[in-house]
1. Which one is modelled with the lowest pLDDT among residues in the range 35-61 that are among the aliphatic types (A, V, I, L, M) and farther than 18 Å from Val180 by Cβ?
2. Determine, yes or no, whether Arg110 is basic (Lys, Arg), surrounded by fewer than 22 Cβ atoms within 10 Å (Cβ to Cβ) and over 20 Å from Trp223 (Cα atoms).
3. Taking only pairs six or more apart or across chains, which ones have beta-carbon atoms under 7 Å, a first residue in the range 118-137 that is farther than 19 Å from Gly73 by Cβ, and a second residue that is among the charged types (D, E, K, R) and in a loop (DSSP other than H, G, I, E, B)?
4. Being buried (at least 16 other Cβ atoms within 10 Å of the Cβ) and either over 22 Å from the mean Cα position of the chain (by Cα) or in a loop (DSSP other than H, G, I, E, B) (or both) is the filter here; which residues of the range 26-43 pass it?
5. The conditions are (1) closer than 23 Å to Phe192 by Cα; (2) of a type in the set (A, V, I, L, M, F, W, C); (3) in contact with a Gly (Cβ under 7 Å, 6 or more places away or on another chain), and Ala149 fails exactly one of them. Which is it?
6. Considering each residue of the range 85-102, count those that are over 25 Å from Pro124 (Cβ atoms) and buried (at least 20 other Cβ atoms within 10 Å of the Cβ), and give that number.
7. Which condition does Arg153 not pass, out of (1) within 16 Å of the chain's Cα centre (by Cα); (2) more than 19 Å from Val78 (Cβ to Cβ), if it passes all the others?
8. Can you tell me which of Asp138, Asp123 is in contact with a Phe, Trp or Tyr (Cβ under 8 Å, 6 or more places away or on another chain) and either part of a strand (DSSP E or B) or not small (Gly, Ala, Ser) (or both)?
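The values are calculated or read from the model by the stated rules, or taken from the named source; none is laboratory data. Please read these numbers as outputs of a predicted model, since none were measured by experiment. A quick note on method: Cβ atoms are made from the backbone with ideal geometry, for glycine too, and the neighbour counts reach across all protein chains shown.
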Amino acid sequence: MNRPGPAPRTPAMTSGALDTYAAALDAAVDPGSADDWFTRTQDGARHPLGADLRRWCAPADRVDRELLQHCPGAVLDVGCGPGRLVAELARQGRHGAGVDSSAAAVDIARAAGGPVLHRSLFDPVPGEGRWDSVVLADGNIGIGGDPVALLARCGELIAPDGRVVVELSPPGTGRRIARVRLERDGLHGDWFDWALVGTDAAHETAAAADLVVAELWRDGDRWFASLVRLEAAAGDLDLAS
């Protein structure tokens with residue numbers, strides 16, 4: 001099967017959404033303030049964000065470190081946020097970099113010593129076609145609300161034998177697209193598109209991007225998959241059922 005053409009450019013979060021994200025990251029240093037933040041979908045559902053904010057801004061935990069063991073070689077962290085995975089790669093003496101569209105997140109990551117690019121993934125990225133691993137942690141497969149376009153773009157970035165390692169939602173989630181915003185009492189950002197992809201939708205979503213699920217695993221309450229190019233799947237990989 002032929003590789004897909006260049007992935008379509010997915011619109012970035014608006015400046016208003018990014019500004020609200022920056023304010024939420026600032027709150028992460030204050031446990032009480034972090035708990036004031038929520039995500040809201042346009043159907044009215046509201047979800048606490050405080051625990052995620054604290055985890056994103058903390059050093060890598062055991063599950064993060066185990067995740068990176070599934071990411072061989074040089075690693076590009078897409079939507080790296082404050083850069084905990086990039087910092088952990090540096091601590092391990094490994095080659096890695098991050099990319100994020102949020103200036104606030106990039107500033108935090110760079111202050112921690114991480115090599116991070118401030119740009120959209122759909123802009124030119126150094127090392128295209130040569131990264132051993134591209135990682136989409138923390139549900140970042142949802143960026144832009146088009147997981148197929150995002151995975152296709154990640155497929156352009158990896159080497160022929162590279163892999164895209166993604167964090168997924170739990171089984172039963174399927175594949176959903178939503179309009180989401182960040183908010184706290186008296187403040188909210190712009191709506192932006194986001195996607196959720198559960199383990200049950202991993203195979204069909206990967207296939208639509210000309211990738212194959214090579215491995216699926218659970219670690220605590222987090223779920224992950226490792227995706228490879230179709231060409232690599234013809235090798236000796238033990239593909240996930």
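1. Among those residues, the one meeting the criterion is Ala58.
2. yes
3. Partner pairs satisfying both residue conditions: Phe122/Arg9.
4. Of everything in the range 26-43, those that are buried (at least 16 other Cβ atoms within 10 Å of the Cβ) and either over 22 Å from the mean Cα position of the chain (by Cα) or in a loop (DSSP other than H, G, I, E, B) (or both) turn out to be Ala28, Ser33, Asp35, Asp36, Trp37.
5. With respect to (1) closer than 23 Å to Phe192 by Cα; (2) of a type in the set (A, V, I, L, M, F, W, C); (3) in contact with a Gly (Cβ under 7 Å, 6 or more places away or on another chain), Ala149 is out only on (3).
6. 1
7. With respect to (1) within 16 Å of the chain's Cα centre (by Cα); (2) more than 19 Å from Val78 (Cβ to Cβ), Arg153 is out only on (2).
8. Asp138
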